[in-house]
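Read-outs: derived from the displayed coordinates by stated rules, not from any lab. Here the structure is a predicted model, which means the values were calculated and not measured. Note that each Cβ is placed from the backbone with ideal geometry, even for glycine, and that neighbours are counted across all protein chains shown.
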């Protein structure tokens, strides 16, 4: 069950970085099941990766990662989110939200920072938190920032 071998990795923790130190000390709970569907109200203290279908309400104390096979139809409160699969609902993120090139989002997002990669899809509204007005709009076009004073 537990290994005493040198270099053995604790179950649920992230892999070591290039310098041998842990990449992150936050455990990553992963829910996998190509045909699995779970529904309800979930309170997760740490981070979670979803590779199945989840519905209901999610309160995540760390990072929510929706994998490429993940489908989440829920109201979500989280710190950070990375969306590689499908998300539909209302999300409040106190940190950053990233929609990757395979990510598909329909709904409303309240966050301090939203990044949509080329090829990513977003249909909804965004509300910026933090109480400060942005200095100038920033547009991402072919991975170059335009419209930002230099």
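What shape does segment 23-118 take by its C-alpha gyration tensor, where a ≥ b ≥ c are the square roots of the eigenvalues and a/c under 1.5 counts as rounded, a/b above b/c as prolate, and the rest as oblate? Before the final figure, lay out each step's value.
Details: a/c = 1.25, a/b = 1.10, b/c = 1.14.
Rounded.
Ordering 74-87, 53-66, 36-49 by mean Cβ neighbour count within 10 Å, with the highest value first, yields 74-87, 53-66, 36-49.
With the simple spin-label model, which puts each label point 7 Å out from Cα in the Cβ direction, the residue 37 to residue 112 separation comes to 3.7 nm.
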